[in-house]
Amino acid sequence: MRRLLSSKPEKQRKFRAVLASTQPSKLMAVHLSKELRQKYGRRSFPIRSGDTVKVLRGEYKGITAKVLRVNRRRQFVYLENVTKKKADGTNVNVPIHASNLMIISLDLTDEYRKKLLEEGRSSLRVWKGEGG
């Protein structure tokens, strides 16, 4: 990720908008819990559906739920049982911004993600067969 070169709000917004379209997972990295942080030696990790998260801020603060869907363009996460009732009586999932979440447990069914988390990015070249 590029270093931010300007402190002007307009340029900050533009930088985040461009980054959201080119590297959306960079903006969707969520803090790990203390246990996961000690286990893996990382502070944050990109969120994915299937992870279990805790809401840290807002109306739903304190709720622990499983991630249903991730909208990388809008940087929102949709959780199980975090819904609102519409005027016509139907329930809709409430979007929660990724910065207001903390990962409690990771979904490690994907071998690629598991390898990335445990051994870092350099180990992926070998895993992909690109050499050492």
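The values are calculated or read from the model by the stated rules, or taken from the named source; none is laboratory data. Only a predicted model underlies this, so the values are computations on that prediction, with no experimental measurement involved. In this analysis, Cβ positions are derived from the backbone assuming ideal geometry, glycine residues included, and neighbour counts consider all displayed protein chains. Side chains included, ligands, DNA and RNA excluded: accessible areas come from the protein's heavy atoms. Shrake-Rupley method; radii C 1.70, N 1.55, O 1.52, S 1.80 Å.
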Query - Cross-chain or 6+ apart pairs with Cβ under 8 Å, the stretch 65-89 first and without any contact (Cβ under 8 Å) to a residue 24 or more places away in the chain and closer than 18 Å to H31 by Cα, then open to solvent by 100 Å² or more (accessible area, probe 1.4 Å) and of a type in the set (K, R) - result: Y78/R69
Report summary line: Conditions (1) in contact (Cβ under 8 Å) with a residue 60 or more places away in the chain; (2) of a type in the set (G, A, S); (3) out of contact with any strand residue (DSSP E or B) (no Cβ under 9 Å at 6 or more places or on another chain) -> G41 fails only (1)
Query raised in the report: Within the stretch 51-66, how many residues are surrounded by 15 or more Cβ atoms within 10 Å (Cβ to Cβ) and assigned to a loop (DSSP other than H, G, I, E, B)?
Result: 4
Report summary line: All conditions in (1) open to solvent by 70 Å² or more (accessible area, probe 1.4 Å); (2) within 25 Å of T22 (Cα to Cα) are true of K84 except (2)
Query raised in the report: Being free of Cβ contacts under 8 Å to residues at least 12 places away in the same chain and closer than 26 Å to L116 by Cα, is that true of even one residue in the stretch 20-34?
Result: yes
**Report entry** Subset tally (residues that are within 18 Å of A65 (Cα to Cα) and open to solvent by less than 100 Å² (accessible area, probe 1.4 Å)) for the stretch 1-43
**Finding:** 7
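Suppose we filter R74, R48 for residues that are part of a loop (DSSP other than H, G, I, E, B), within 15 Å of the chain's Cα centre (by Cα), of a type outside the set (G, A, S) and surrounded by 13 or more Cβ atoms within 10 Å (Cβ to Cβ); which single one remains?
Only one candidate passes the filter, namely R48.
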Query raised in the report: Can you name the condition, by its number, that K115 falls short on among (1) farther than 30 Å from A17 by Cα; (2) open to solvent by less than 70 Å² (accessible area, probe 1.4 Å); (3) of a type in the set (D, E, K, R)?
Result: (1)
